[in-house]
Amino acid sequence: MTQNAQKTTHFGFQTVAEEEKAGMVHGVFTRVASRYDLMNDLMSGGIHRVWKDAMMDWLAPQPWQRLLDVAGGTGDISFRFLKRAPGARAVVCDMTESMLVEGRKRAEAEQMADNLDWVVGDGMKLPFEDNSFDVFTNSFGTRNITNVQDALNEAYRVLRPGGRLMVLEFSQMPNPMMQWAYDRYSFNVIPVLGQIVANDRDSYQYLVESIRKFPDQDTFADMIRTAGFEQVKYRNLSMGIAALHSGWKI
């Protein structure tokens with residue numbers, strides 16, 4: 001191996017050069033942006049809304065807080081946060097501008113315009129100063145980042161002391177038979193839905209594959225600790241189909 005050997009990562013089940021992944025992910029979300037919210041409802045039977053409400057329950061937003069929602073897409077988490085804490089402020093940060101454009105079209109965006117900002121940015125190199133936010137969230141976007149550890153390190157950097165990280169992400173079910181059944185649904189139904197609803201089977205095939213490449217609950221919790229966070233905990237949702245991870249910058 002030479003000193004100039006190319007670093008690789010995964011894009012779903014494909015092995016790709018690290019510098020290529022961000023562009024490939026950007027392409028996926030640019031293509032699906034206009035149908036993203038609808039597909040979330042169809043793929044999960046609406047259960048993603050329950051998971052996001054559980055995220056807010058654990059976060060307990062406060063009106064004095066400033067939230068940064070990375071990979072925030074169409075604003076789902078920020079809207080929920082601001083509804084729970086009128087007077088709080090939120091920044092939706094996403095690398096795909098077309099996702100932010102779709103978010104701005106939502107009815108909530110106009111109602112919350114004075115407390116909500118939309119920023120195009122990379123989760124591994126956030127365009128914000130150190131110690132700028134009270135809460136950092138990422139909902140179903142962490143697995144799309146090229147280097148997850150770098151992204152967690154950035155989360156730690158931009159949070160103020162006493163700030164909190166919370167990540168909602170698909171995870172692994174502890175029961176092998178239930179995981180098998182979930183895999184059959186994911187691989188056989190979701191890409192077909194993507195083709196029918198969004199005219200894009202390949203993007204949803206990638207999204208299904210990316211879930212299987214993401215670290216399990218305990219491994220991801222260790223990565224959060226490595227970034228510097230303390231009091232790291234997680235809660236399984238729907239028997240481990242998704243998990244909520246929490247950590248504090250002490």
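The values are calculated or read from the model by the stated rules, or taken from the named source; none is laboratory data. If you're wondering where the values come from, they're calculated on a predicted model, not measured in any experiment. For neighbour counting, all protein chains shown are included, and Cβ atoms are generated from backbone atoms with ideal geometry for every residue, glycine included.
Consider Asn188 carefully, then state whether it is touching a residue at least 12 places away in the same chain (Cβ under 8 Å), over 20 Å from the mean Cα position of the chain (by Cα) and on the phi < 0 side of the Ramachandran plot.
Against the criterion (touching a residue at least 12 places away in the same chain (Cβ under 8 Å), over 20 Å from the mean Cα position of the chain (by Cα) and on the phi < 0 side of the Ramachandran plot), Asn188 does not qualify.
Tell me which residues, restricted to segment 156-168, are crowded, with 18+ Cβ neighbours inside 10 Å and in a helix (DSSP H, G or I).
Matches in segment 156-168: Tyr156, Val158.
Please enumerate the residues belonging to segment 169-222 that are touching a Ser or Thr at 6+ places or on another chain (Cβ under 6 Å) and either at pLDDT 95 or above or part of a loop (DSSP other than H, G, I, E, B) (or both).
Glu169, Gln217
Among (1) surrounded by fewer than 14 Cβ atoms within 10 Å (Cβ to Cβ); (2) modelled with pLDDT under 95; (3) not polar (S, T, N, Q), where does Val32 come up short?
Unmet for Val32, out of (1) surrounded by fewer than 14 Cβ atoms within 10 Å (Cβ to Cβ); (2) modelled with pLDDT under 95; (3) not polar (S, T, N, Q): (1).
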